[in-house]
Amino acid sequence: MERTCIRFYTTESQRHDGWLVHEWLLERAKAIGVPGGTALRAIAGYGRHGKLHEETFFELAGDVPVEVEFITDAPLAEKLLELLASANLRLFYIRMQVDSGVSGGA
């Protein structure tokens, strides 16, 4: 089945409207009917500013990257982008067409 995969990139501690951004994204996507989403925490990464963010032994809650991914239909992906625009939430994202399915038998 052809679907749309949309990934948003944020940091672990970034907040919007009192929420952690990855939680805000998951809750809003769920509310508009996106069937599922996943937030993945990185061990290290850098973005357009070139600053390396990585977890160290002494940090409990750092500024490591978090990727939030949804696989849904194109209209819901677009609705999610519109929701971010109306909330004035600026996040880097990628959107791509993917084939999805469930492995195994019935």
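The values are calculated or read from the model by the stated rules, or taken from the named source; none is laboratory data. Predicted, not measured: the structure shown is a model, and the values here were computed from it. Counting neighbours? That spans all protein chains shown, and the Cβs are built from the backbone with ideal geometry, glycine included.
Restricting attention to the stretch 63-88, the residues that are buried (at least 16 other Cβ atoms within 10 Å of the Cβ) and at pLDDT below 95 add up to 3.
In this structure, is E69 within 15 Å of the chain's Cα centre (by Cα) and closer than 27 Å to G101 by Cα? So E69 fits the description; yes. Would you say V64 is in contact with a strand residue (DSSP E or B) (Cβ under 7 Å, 6 or more places away or on another chain), over 19 Å from E2 (Cα atoms) and hydrophobic (A, V, I, L, M, F, W, C)? Spelling it out, V64 is indeed in contact with a strand residue (DSSP E or B) (Cβ under 7 Å, 6 or more places away or on another chain), over 19 Å from E2 (Cα atoms) and hydrophobic (A, V, I, L, M, F, W, C). Is it true that V98 is modelled with pLDDT of 95 or more, surrounded by 15 or more Cβ atoms within 10 Å (Cβ to Cβ) and of a type in the set (A, V, I, L, M)? No. Cβ-Cβ contacts under 7 Å between residues 6 or more apart (or on different chains), taken from a first residue in the stretch 18-33 that is without any contact (Cβ under 8 Å) to a residue 60 or more places away in the chain to a second residue that is assigned to a helix (DSSP H, G or I), are listed as R28/L83; A29/L80; I32/L76; I32/K79; I32/L80; I32/L83; G33/L76.
The single condition among (1) in contact with a strand residue (DSSP E or B) (Cβ under 8 Å, 6 or more places away or on another chain); (2) without any contact (Cβ under 8 Å) to a residue 24 or more places away in the chain that L89 does not meet is (2). When residues in the stretch 35-61 are screened for being surrounded by 15 or more Cβ atoms within 10 Å (Cβ to Cβ) and either modelled with pLDDT under 95 or β-branched (V, I, T) (or both), 4 of them pass.
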